[in-house]
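Reading through the structure tokens given below for one structure.
The values are calculated or read from the model by the stated rules, or taken from the named source; none is laboratory data. A quick note: this is a predicted structure, and the numbers were derived from the prediction, not measured. Cβ placement follows ideal geometry from the backbone for every residue including glycine, while neighbour counts extend to all protein chains displayed. In case anyone asks, the SASA skips ligands and DNA or RNA and just uses the protein heavy atoms, side chains included. Shrake-Rupley method; radii C 1.70, N 1.55, O 1.52, S 1.80 Å.
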Amino acid sequence: MKEPRVRPHNFKAVADDDTLPVMVPRNDKAAVPISPDRVRRLRKHLVATLRALRTMKNPEHSVSPVRPDLEGFAGRVARTACSLCKGWCCKNGEDHAFLDERTIARVRCARSALDVRSALRIYVERVPEVGYRNSCIFHGKQGCTLDRSLRSDVCNSYFCGGLQAYLTGDEVVTPTMVIAGAGDKMRTSPILMP
Ligand code: SF4
Ligand code: SF4
């Protein structure tokens with residue numbers, strides 16, 4: 001997933017040398033009503049996924065457990081980054097949101113005896129009325145409308161390049177500032193203290 005290059009050109013103006021910059025992109029798409037066509041495409045995808053699940057030998061063995069959220073300071077930095085960025089990476093969710101057999105198997109197992117119709121309803125009901133243009137169907141103005149238990153593994157485990165660099169670096173617990181976007185669209189967080 002190619003990310004726009006973000007330059008911290010005015011970083012020095014807002015933070016001192018001991019502050020670690022974490023640079024992420026920023027979604028600046030317009031919010032528009034979600035069309036009925038998009039909901040139809042989501043339904044179609046879910047029906048095909050539920051059908052594929054029916055032909056699996058042991059669907060209960062294919063359940064992918066919910067991946068836990070990051071904890072501690074790193075979790076705080078990541079949540080701050082994703083909230084300032086407003087879900088730039090969610091554009092890849094399109095009308096399928098990466099929902100696959102393993103995710104749907106998890107959702108059905110967690111809610112005992114969930115039939116196909118109810119499984120469909122759980123997702124369709126969560127499509128926001130207004131969402132970002134050319135982004136995931138669940139990408140509403142307040143963020144993702146699915147909680148972690150309903151999201152795919154892709155969504156629960158993905159970090160963009162900027163966050164990945166921070167999380168795998170050796171300065172995870174140090175005063176940190178998130179810089180999201182570039183130019184006049186850029187937003188910065190306060191300095192986050194461990
Ligand atoms: S992982 Fe978070 S900060 Fe990075 S692009 Fe996605 S929403 Fe933005
Ligand atoms: S399901 Fe949520 S986290 Fe995943 S791409 Fe869609 S809006 Fe983003």
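Taking the conditions exactly as written (at pLDDT 95 or above, away from ligand 2 (no atom under 16 Å from the Cβ) and either more than 19 Å from Gly131 (Cα to Cα) or more than 22 Å from the chain's Cα centre (by Cα) (or both)), does Asp115 satisfy them or not?
So Asp115 fails the test.
Sort out which residues of region 122-139 are of a type in the set (Ser, Thr, Tyr) and either within 19 Å of Cys109 (Cα to Cα) or in a strand (DSSP E or B) (or both), and write them in order of number.
Quick first cut of region 122-139, residues of a type in the set (Ser, Thr, Tyr) only: 123, 132, 135.
Of everything in region 122-139, those that are of a type in the set (Ser, Thr, Tyr) and either within 19 Å of Cys109 (Cα to Cα) or in a strand (DSSP E or B) (or both) turn out to be Tyr123, Tyr132.
Taking into account only those residues within region 144-154 that are over 9 Å from the mean Cα position of the chain (by Cα) and of a type in the set (A, V, I, L, M), which is nearest to ligand 2 (Cβ to nearest atom)? Give the derivation first.
Going residue by residue through region 144-154, those that are over 9 Å from the mean Cα position of the chain (by Cα) are 145-150, 152-153.
Filter again for of a type in the set (A, V, I, L, M), leaving 146, 150.
Values: Leu146: 5, Leu150: 8 Å.
Top of the filtered list is Leu146.
For region 140-155: of the residues being in a loop (DSSP other than H, G, I, E, B) and within 20 Å of Leu114 (Cα to Cα), which is farthest from ligand 1 (Cβ to nearest atom)? Spell out how you get there, then give the answer.
So the first thing to find is which residues in region 140-155 are in a loop (DSSP other than H, G, I, E, B), and the list is 141-142, 145-147, 151-152.
Filter again for within 20 Å of Leu114 (Cα to Cα), leaving 146-147, 151-152.
Values: Leu146: 14, Asp147: 16, Arg151: 13, Ser152: 14 Å.
The residue in question is Asp147.
Within region 118-143, work out how many residues are more than 10 Å from ligand 2 (Cβ to nearest atom) and within 20 Å of Arg38 (Cβ to Cβ). Outline the logic, then answer.
Going through region 118-143, the residues more than 10 Å from ligand 2 (Cβ to nearest atom) turn out to be 118-122, 124-125, 127, 129-130, 133-134, 141-142.
If we keep only those that are within 20 Å of Arg38 (Cβ to Cβ) as well, we get 119-122, 124-125, 127, 129-130, 133-134, 141-142.
Residues flagged as more than 10 Å from ligand 2 (Cβ to nearest atom) and within 20 Å of Arg38 (Cβ to Cβ) within region 118-143 amount to 13.
Every residue, every condition in (1) aliphatic (A, V, I, L, M); (2) touching a residue at least 12 places away in the same chain (Cβ under 8 Å); (3) open to solvent by 60 Å² or more (accessible area, probe 1.4 Å), yes or no:
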residue: Asp153; (1), (2), (3): no, yes, no
residue: Gln164; (1), (2), (3): no, no, yes
residue: Thr176; (1), (2), (3): no, yes, no
residue: Ala182; (1), (2), (3): yes, yes, no
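Just name the residue that is least open to solvent (accessible area, probe 1.4 Å) out of those in region 22-57 that are under 24 Å from Ala119 (Cα atoms) and part of a loop (DSSP other than H, G, I, E, B).
At the first step, the residues of region 22-57 found to be under 24 Å from Ala119 (Cα atoms) are 33-57.
Those left that are additionally part of a loop (DSSP other than H, G, I, E, B): 34-35, 55-57.
Details: Ile34: 26, Ser35: 44, Thr55: 113, Met56: 57, Lys57: 187 Å².
Top of the filtered list is Ile34.
Right, Cys90: of a type outside the set (Lys, Arg) and crowded, with 21+ Cβ neighbours inside 10 Å or not? Can you show your working first?
On the way: of a type outside the set (Lys, Arg): yes; crowded, with 21+ Cβ neighbours inside 10 Å: yes.
So Cys90 fits the description; yes.
Could you please give the count of residues in region 93-139 that are open to solvent by 50 Å² or more (accessible area, probe 1.4 Å) and within 16 Å of ligand 1 (Cβ to nearest atom)?
Residues in region 93-139 being open to solvent by 50 Å² or more (accessible area, probe 1.4 Å) and within 16 Å of ligand 1 (Cβ to nearest atom): 3 in total.
Show the residue pairs meeting these rules: Cβ distance below 9 Å; 6+ apart or different chains; first residue within region 68-81 and farther than 15 Å from Asn156 by Cβ; second residue open to solvent by 100 Å² or more (accessible area, probe 1.4 Å).
Gly72/Val173; Phe73/Val173; Phe73/Met193; Ala74/Val173
Out of all the residues in region 58-87, which are within 16 Å of ligand 2 (Cβ to nearest atom), in a helix (DSSP H, G or I) and either over 15 Å from Val22 (Cα atoms) or charged (D, E, K, R) (or both)?
Answer for region 58-87, where residues must be within 16 Å of ligand 2 (Cβ to nearest atom), in a helix (DSSP H, G or I) and either over 15 Å from Val22 (Cα atoms) or charged (D, E, K, R) (or both): just Arg79.
Just to be sure I understand, how many residues within region 83-102 are touching a Leu at 6+ places or on another chain (Cβ under 8 Å) and modelled with pLDDT of 95 or more? Lay out the reasoning, then the answer.
Residues of region 83-102 touching a Leu at 6+ places or on another chain (Cβ under 8 Å): 95-97, 99, 101.
If we keep only those that are modelled with pLDDT of 95 or more too, we end up with 95-97, 99.
Number of matching residues: 4.
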